[in-house]
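The values are calculated or read from the model by the stated rules, or taken from the named source; none is laboratory data. Just so it is clear, the model here is predicted, and its values are computed rather than measured. Don't worry about glycine lacking a Cβ; one is built from the backbone with ideal geometry, like all the others, and counts go over all protein chains shown.
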Amino acid sequence: MAWTAGVCAVLVLGVAGVGAWLYSDLNGNIHAADLDDKLGGDRPDNLSPGSENIMVVGSDSRDGDNAKYGKGLTTMQSDTLMVLHVPANRKWATVVSLPRDSWVEIPACDKGNGGTSEPHHFKINEAFAIGGTSGEVAEAAACTIKTVEAATGLRIDHFMSVDFQGFKGMVDALDGIEVCPEEAIHDEKAHLDLEAGCQTVKDEEALGYVRARYSIGDGSDTGRIGRQQEFMESLVAKAQSKLTSPKSLYAFLKSATSSLTTDEDLAGIKPLYSLASELQGIPADRLTFLTVPNYPREADVASDKANVVWQYPQAGDLFTALAKDKEVDKEKIEAEAADPVYASTVRVQVLNGTGVDGRAAAVAEKLKEAGFTVVGTGNAEQTAKTTVSRPESLAARAEVLASRLKASTETSPDASDTVTLVVGTDLDVDGIG
């Protein structure tokens with residue numbers, strides 16, 4: 001999206017004689033969503049002034065021309081969800097994909113129809129549907145931003161939403177993108193039939209390729225995310241080499257801008273170009289695409305075979321690094337995530353240090369719902385700070401719990417197989433999940 005904005009500037013500045021008309025035409029295509037007063041005041045602090053976090057949503061709303069892509073869906077949907085982190089020095093960038101099946105807390109949201117949803121845990125893409133109950137992108141985006149901010153600790157500065165039709169138009173303007181599936185793909189839901197081997201896809205085939213899930217690989221959303229990231233990298237590379245004529249450039253940009261909705265601050269060619277011009281010098285090897293570390297929630301909650309949970313402490317470390325504007329090492333993150341420590345393997349003794357009756361029991365129940373193994377509850381001296389103490393041998397398991405709760409850790413002299421959670425007054429009990 002940011003690179004596309006740079007191409008917009010090339011078009012506006014480079015097509016003599018008709019530049020003003022093209023500017024007006026394309027600029028008017030971009031839809032603006034007013035988020036004023038929709039995000040509330042309880043938001044993460046900006047820990048790195050000058051950096052920006054941009055939430056990108058691939059919307060699979062079934063309105064209008066998109067109706068044929070699904071049946072029985074009455075709300076707006078988010079098919080793809082990413083956060084683009086742009087550092088203050090503009091020398092690198094990171095794109096983090098958030099699996100649509102991520103199990104997170106959905107905060108209370110304005111549904112856009114006069115009602116307000118209750119806080120609850122569910123898969124992350126439900127936030128877009130809840131906020132978009134009335135069909136307004138602004139409410140859908142606001143609920144998703146609130147959810148992403150609560151789950152990641154990152155303050156979202158801008159958002160972009162693009163739908164199916166715009167994606168197809170961009171691919172078609174490039175005469176398709178080459179893909180190389182190792183096996184034939186036959187996916188009825190994605191309207192896709194492809195033979196194995198390298199081939200160029202466009203129009204419905206291109207859309208089907210990035211949407212296909214259950215008929216490829218392990219059928220997971222994370223597998224689909226990997227294909228989407230590879231496809232987008234190929235799309236960017238081809239666009240950079242092919243969009244040299246005003247005609248093809250205009251077709252590409254018209255599709256991109258017609259399907260694009262942003263917050264009001266980004267809703268125009270000028271602000272998009274301003275952002276893109278800052279990113280033009282980022283070398284390819286410092287533009288990182290990765291997926292937040294995760295594993296099947298079934299490992300913690302046997303009955304849940306449909307969702308994934310983010311893997312801690314790796315997910316927490318990733319978002320903390322971005323919040324502090326530190327470049328992440330994809331290979332290091334993936335290596336550390338190769339052997340996950342499941343929450344279900346963490347045995348926890350919960351002690352109440354708040355002075356509030358029943359707090360240990362309430363926290364214990366929340367931890368059980370999240371998949372942790374709670375072995376008992378009790379009381380401790382009153383404290384404001386939540387801590388996790390453990391023997392040295394349980395350091396990795398303690399980090400899983402501490403990073404989920406944003407608590408500190410300390411070493412204890414005992415040699416048990418249990419970590420001890422002392423609940424302080426700073427712990428948000430409702431946010432455990």
Handout entry: Odd one out for Ala306, checked against (1) within 19 Å of Leu81 (Cα to Cα); (2) in a loop (DSSP other than H, G, I, E, B); (3) without any contact (Cβ under 8 Å) to a residue 60 or more places away in the chain
Key = (3)
Exercise for the section: Return yes or no: is Gln280 at pLDDT 90 or above and not assigned by TED's automatic domain parsing to the domain that holds Ala395? Expected result: no
Exercise for the section: Kindly indicate whether any position in the range 345-366 is more than 15 Å from Asp428 (Cβ to Cβ), surrounded by fewer than 21 Cβ atoms within 10 Å (Cβ to Cβ) and of a type in the set (Lys, Arg). Expected result: yes
Exercise for the section: Test Arg390 against the stated conditions and say whether it is basic (Lys, Arg), closer than 22 Å to Trp103 by Cβ and buried (at least 17 other Cβ atoms within 10 Å of the Cβ). Expected result: no
Fill in the blank from the handout: Among (1) within 23 Å of Pro44 (Cα to Cα); (2) in contact with a strand residue (DSSP E or B) (Cβ under 9 Å, 6 or more places away or on another chain), Lys324 falls short only on (2)
Problem - Options Glu105, Glu139; residue that is modelled with pLDDT of 90 or more and buried (at least 21 other Cβ atoms within 10 Å of the Cβ) - result: Glu139
Exercise for the section: With respect to Val422, determine if the residue is crowded, with 16+ Cβ neighbours inside 10 Å and touching a helix residue (DSSP H, G or I) at 6+ places or on another chain (Cβ under 7 Å). Expected result: no
Practice task
For the range 268-276, indicate whether the set of residues that are under 23 Å from Lys91 (Cβ atoms), surrounded by fewer than 15 Cβ atoms within 10 Å (Cβ to Cβ) and not hydrophobic (A, V, I, L, M, F, W, C) is non-empty.
Solution key: yes
